[in-house]
Amino acid sequence: MNTLNRRDWLKGMSIGAAVSAAGIRNGVSAEDAEAVRGRVRTASEPSKLRITDMRVVRMPTVMGPYVIRLDTNQGVSGYGEVRDGSSPTYALMLKNRILGENPCHVDRIFRKIKQFGHHARQAGGVVAVEMACWDLAGKAWGVPCWQMLGGSFRDQIRMYADTTTSRDPEVMGTRLKARREKGFTFLKMDIGIQLVQQIEGTITTPSDRGMDPRSLYGRPRAQVAHPFTATRITEKGLKKIQEYVGRVREIVGWDIPLASDHFGHFAIEDGIKLAQALDPFNLAWLEDMVPWFYTDQYVRLRDACKTPILTGEDIYLKEGFLPLFEKKAIAICHPDMMSSGGLLETKKIGDLAMEHGVAMAMHMAGSPVGLFGSIHCAAATDNFLVMEHHDVDTPGYEDLVTGVPKPIFKDGFIQVPDGPGFGIELNEEAIKEGMKKRRWDLEKWFFRKTDEWNEERANDRLWSFLDKSSAVA
């Protein structure tokens, strides 16, 4: 191989091997082989690829996440997303640590920087870099990311759409039914104390010093974990929620999965009460009823009801999921790839879950970059179930990228791309237009230079060592 360039190597391959290398799954033909040769970057040398720059853009989608672009010495760029609600600083602080690295060595780079990630949004920078390296490696070698992860288990990914909540069950049911009529085969809604908290006698909770005690966000009790709020649900509240869910179920039908999320800040005892009240409606799962790190409370919840239990969108790395798996505390894990550690780590989480008899759904509230990164991960994970999406109704969302068939969403599924890397490129003009509509500062947030992050240095080693060259004789 050292004496052959990549063009000669590909020409020397059998058609079947060439097609396999490029990730083409359905049939082998001369046209397929020619397509392989046409899209592999024969002018590039993956072994000499180096990261030379990092830039950031803010994507005009519902959550407004930041996307990084890693540029290289060979004119190839890769994209990664900093999870919704996170800061681009988490990625920019890593720039000096990855300049000069070969992005094809994805796992090596990830192990170098993963110490700078943490649970929830604090993982955003590390994962954005990991994603961009996968995208770059795929483009350099001319194969889709799912192929580099070991191959694909499916050609399309089942999606469910985030759906705006209403306190009126008729309105909620009608919105969900409209999703079904568009082809979605899986539904989810937000239910819990927020639906009934304006009704007298449904919630018992201490006053927040003159502020409305029924408000969930921006109040002191929203800043502590669920067991510490002294908030409780009354029998009247439980009955109202039962009536609500029952009516929604009647509208959408009993033959389609209907999951639930966002229950509110209350202790596990009331979570158990609510779970038992909802058992008759055959829900697909109960999501994040208490914080993910209270494993023993999840065991209590699982043992007390008949509905599958799910959590995990804020967990970083497979080690965070392991206690939940080992104690059989959940039926379905729910990583957000942009928090859990990126493509390879999330696949590892799925494999670990499968060993323990746990399915994997995926949280996803990002731009098309985060979406297609997650699509490749889902395609390569055997026990994948379904993926969330928050921008099905966002005008212009699909215009933000090129390279994939449009419409991206069709009958509740997204086709897994066969193109190199994530199979997409950014439509910069569409992004600019979206940013202008939101009155965002293009000069600040459209791929400006980030040279101020080039030289930052720190001793990142996590254990002590002696530099013998400076030792006293």
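For segment 156-426, state the average projected area of the convex hull of the C-alpha atoms over all orientations, rounded to one decimal in nm². Before the final figure, lay out the partial values.
Numbers: hull surface 56.8 nm².
The Cα convex hull of segment 156-426, projected and averaged over all directions, gives 14.2 nm².
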Residue-averaged [θ]222 nm for the chain, counting only DSSP H segments that reach four residues, each worth -39500 (n - 2.57): -10000 deg cm²/dmol
Peptides 432-439, 287-294, 454-461, 102-109 ordered by average Cβ neighbours within 10 Å, highest first: 287-294, 102-109, 432-439, 454-461
Charge dipole magnitude, Cβ of K and R +1, D and E -1 - segment 156-426, Cα centre, debye nearest 20: 680
For the chain, share of DSSP beta bridges that run antiparallel, in % to the nearest 5: 55
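Taking other Cβ within 10 Å of each residue's Cβ, how do Trp440, Trp254, Trp146 sort, fewest first? Write down the numbers at each step before the final one.
Numbers: Trp440 17, Trp254 9, Trp146 28.
Listing Trp440, Trp254, Trp146 from fewest to most nearby Cβ atoms yields Trp254, Trp440, Trp146.
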Leading residue at positive end of dipole, the chain (Cβ point charges), from Leu238, Gly80, Pro257: Gly80
Within segment 424-445, backbone nitrogen closer than 11 Å to the virtual label 7 Å beyond the Cα of Asp399 toward Cβ: 429-435, 437
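So if I take the alpha carbon set of segment 58-172, get Rg, then get Rh from the Kirkwood formula, what is the Rg over Rh ratio? Before the final figure, lay out the partial values.
Details: Rg = 17.0 Å, Rh = 15.9 Å.
In segment 58-172, Rg relative to Rh is 1.07.
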Test item: Cα-centred dipole of the chain, Lys/Arg +1 and Asp/Glu -1 on Cβ, debye: 420
Residues of type lysines that Lys273 reaches as a straight line, Cα spacing below 20 Å, ignoring anything fewer than 8 places off in the same chain: Lys236, Lys239, Lys240, Lys306
Dipole of the chain, positive direction: furthest Cα of Thr205, Thr174, Phe281, with charges on the beta-carbon: Thr205
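Taking neighbour Cβ counts within 10 Å as the exposure measure, how do Val129, Val67 sort from fewest upward? Write out the running numbers ahead of the final one.
On the way: Val129 34, Val67 27.
So the residues, fewest neighbours to most, are Val67, Val129.
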Nonlocal amide H pairs with Tyr160, under 5 Å, H built at 1.01 Å: Met387, Glu388, His389
The chain: radius of gyration and largest Cα-Cα distance (Dmax), Å: 24.0, 83
Lysines whose Cα lies under 28 Å from that of Lys95, excluding same-chain neighbours fewer than 8 positions away: Lys48, Lys112, Lys114, Lys139, Lys318, Lys347, Lys348, Lys432, Lys436, Lys444, Lys449
Lysines with Cα under 26 Å of Lys182, excluding same-chain neighbours fewer than 8 positions away: Lys406, Lys410
With 5 Å bins from 0: P(r) over segment 396-448, alpha-carbon pairs, percent: 4, 18, 23, 19, 15, 12, 7, 1
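With 10 angstrom as the radius, rank Phe153, Phe372, Phe409 by how many other C-beta atoms surround their C-beta, starting from the fewest. Intermediate results must be reported in sequence, preceding the final value.
Numbers: Phe153 14, Phe372 30, Phe409 20.
Sorted ascending by nearby Cβ count, the order is Phe153, Phe409, Phe372.
Determine the dipole magnitude for segment 337-422: charges of +1 sit on the beta-carbon of Lys and Arg, -1 on that of Asp and Glu, nothing else is charged, the reference point is the Cα centre, and the result goes in debye to the nearest 20.
On the way: 4 positive and 11 negative charges, 23 e Å.
Approximately 120 debye in magnitude.
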Angle between the chain longest axis and helix 368-379 axis [Cα atoms, degrees, rounded to 10]: 90
Calculated P(r) of segment 345-452 - Cα pairs past 19 Å, %: 53
Gain upon complete extension [Asn454, Ile199; 0.36 nm per residue less C-alpha separation]: 86.2 nm
In sequence order, calculated HN-Hα J values of segment 141-158 (Karplus, 6.51, -1.76, 1.60; Hz; x Gly/Pro): 8, x, 10, x, 4, 4, 5, 5, 7, x, x, 10, 9, 7, 8, 9, 10, 6
Farthest positive-ward along the chain dipole, Cα basis, beta-carbon charges - from Gly419, Pro65, Ile113: Ile113
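Rule-based calculations on the coordinates, nothing more; no lab input. Computed from a prediction, not measured in an experiment: that's the story for all the values here. Methodologically, a virtual Cβ is constructed for each residue, glycine included, from the backbone with ideal geometry; neighbour enumeration extends over all protein chains shown.
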